Amino acid sequence: MYSKVFLTACSLALLLVSCKKDDNNKPAPVPPSTVEYNGNFLLETSVKNPDGMSGSSYLQIIHKMAGGIAVDNSKAEQIEFSSSVQVEGNNVYIFDTMKGTAGITRWTYDPTTQKLTKGATLDVLAGSMVGHLEKISDTKAYVPFYTQGVVWIINPQTMQKTGEINLSQYAHNDTSPEPAMGILRDGKYYLCLTQVNQGEGWQPYPDYQQCDVAIINPQTDVVEKVVSETTTKLTFPTRPMAQCKGMLFTNEAGDIYMATAGYFGYSKDNTKCGFLCIPKGKTEFDSSKSWDISTTTIAGTTYKPASVYNCLYIGNGKAVAYVGIVELNGSNPYTAKNAMAVLIDFNAKSISQIRGVPLTDGHSILITKLKDRVLFGAFGSDKRGLFAFNPATETVEQILSTTGNPGAFHAF
């Protein structure tokens, strides 16, 4: 499921997992919207072909969201299908993650004209599954190449390559350890390595049930060490697309947590997934802080998570997430509506369904914050668009209907 499904989901092969009828899992009715948002909002949507692996994607600026408001793609800019979108200031980076031939393009948002202007493009190796960058400074950023096992060092302003970090020596059984999401903490760059078999369905290796993280010094661009968590047998830490950046986060104590996707719900024999931790002040995993959530029933349902597709830490020991449900798998992982929105309580070790956010496919696993609400992008059977979750009341309101899958959102 890589997403945007692996990438849309993983490569696409891994991506998602499908859907049966919503039957006993029909979302709760969404009440009329009581909130209205006005401003300058960036929205990406994708219109899939029936196979779910192709189609058209669009990027546009909208200015108002509230219940009953719908947007189409008639005034949007067309971009590569299922592109990853990342915003840094007024720079909007578009990553051709799925097709892999259009590279990385920097667009600029002008707050005066409220328009996007296309700028420089960085060509990359075809099929590299590049999905995000980590800004080190105004003139330096790290760009992991998922399938190639390297991290390019670029100038995010000029979009020129200035260096490279080779990770091939840390790969298991091939030449790429599949570098996914990274995070900066205390002057070090912690980069998750998913270590999957690209030739066998993009799944973790049966003989390598662990999670690896490369710790890189941004001052020298040297890998200082690779640390591993082997106790819990959790696999596939984070995903490489920009919209999944929340799968790697620090809590109030400064501890790094990473969400694991495991087998994306494709293996009924191995549904292990959850969270791993590297505590503040440490450069090693603390397995006592690990949590395999695959054994926890989702309150309000009979299901247990089989994968974490995306998540966002919202504070006070809680996170929201999209998790994969094995029982909702269908024949096509690119169109399967097997992703369920949940609230995760790390302190109580509990998980509950967020009623009102419909089951969605892997092209819509967007989770982000907007003021005091959490926005979920969802492509349900009868509703699709953006859904606002209020953590204080645990209620949901649909604030925008979209034509196609909502894939990325940003408020300028």
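The values are calculated or read from the model by the stated rules, or taken from the named source; none is laboratory data. Just so we're clear, the structure is a prediction, and the values are computed from it rather than from any experiment. A quick note on method: Cβ atoms are made from the backbone with ideal geometry, for glycine too, and the neighbour counts reach across all protein chains shown. To get the accessible areas, we keep the full protein, side chains included, count just its heavy atoms, and leave off ligands, DNA and RNA. Shrake-Rupley method; radii C 1.70, N 1.55, O 1.52, S 1.80 Å.
Some observations on this one:
- Scope region 366-412; condition open to solvent by 20 Å² or more (accessible area, probe 1.4 Å), part of a strand (DSSP E or B) and hydroxyl-bearing (Ser, Thr, Tyr); matching residues: Thr368, Thr395, Ser401
- A residue that is open to solvent by 40 Å² or more (accessible area, probe 1.4 Å) and of a type in the set (A, V, I, L, M) can be found somewhere in region 184-205.
- The condition of being within 30 Å of Gly187 (Cβ to Cβ) and either in contact with a helix residue (DSSP H, G or I) (Cβ under 7 Å, 6 or more places away or on another chain) or of a type outside the set (Val, Ile, Thr) (or both) holds for Met129.
- Any hit, region 223-238, residues being under 24 Å from the mean Cα position of the chain (by Cα), charged (D, E, K, R) and within 30 Å of Gly119 (Cβ to Cβ): no
- Criterion violated by Gly281 - all others in (1) in contact with a Leu (Cβ under 8 Å, 6 or more places away or on another chain); (2) modelled with pLDDT of 95 or more; (3) not aliphatic (A, V, I, L, M) satisfied: (1)
- Candidates Ile154, Ile183, Ile215, Ile136 - the one that is in contact with a strand residue (DSSP E or B) (Cβ under 6 Å, 6 or more places away or on another chain) and over 30 Å from Asp292 (Cα atoms): Ile154
- For region 162-172, the condition of being touching a strand residue (DSSP E or B) at 6+ places or on another chain (Cβ under 8 Å), closer than 15 Å to Val143 by Cβ, β-branched (Val, Ile, Thr) and at pLDDT 95 or above holds for at least one residue.
- Of the set (1) open to solvent by 30 Å² or more (accessible area, probe 1.4 Å); (2) in contact (Cβ under 8 Å) with a residue 24 or more places away in the chain, all apply to Asp286 but (2).
- Residues of region 313-327 that are over 17 Å from Asn338 (Cβ atoms) and either surrounded by 21 or more Cβ atoms within 10 Å (Cβ to Cβ) or more than 16 Å from the chain's Cα centre (by Cα) (or both): Tyr313, Gly315, Asn316, Gly317, Lys318, Ala319, Val320.
- Any hit, region 160-174, residues being over 22 Å from Thr101 (Cα atoms), open to solvent by less than 50 Å² (accessible area, probe 1.4 Å) and not aliphatic (A, V, I, L, M): yes
- Candidate set from region 64-116 (those that are hydrophobic (A, V, I, L, M, F, W, C) and assigned to a loop (DSSP other than H, G, I, E, B)); member that is modelled with the lowest pLDDT: Met98
- In region 222-280, the residue that is most open to solvent (accessible area, probe 1.4 Å) out of those that are of a type in the set (Gly, Ala, Ser) and part of a loop (DSSP other than H, G, I, E, B) is Ala253.
- Count of residues meeting criterion [loosely packed, with under 13 Cβ neighbours inside 10 Å and either modelled with pLDDT of 50 or more or assigned to a strand (DSSP E or B) (or both)] in region 13-38: 6
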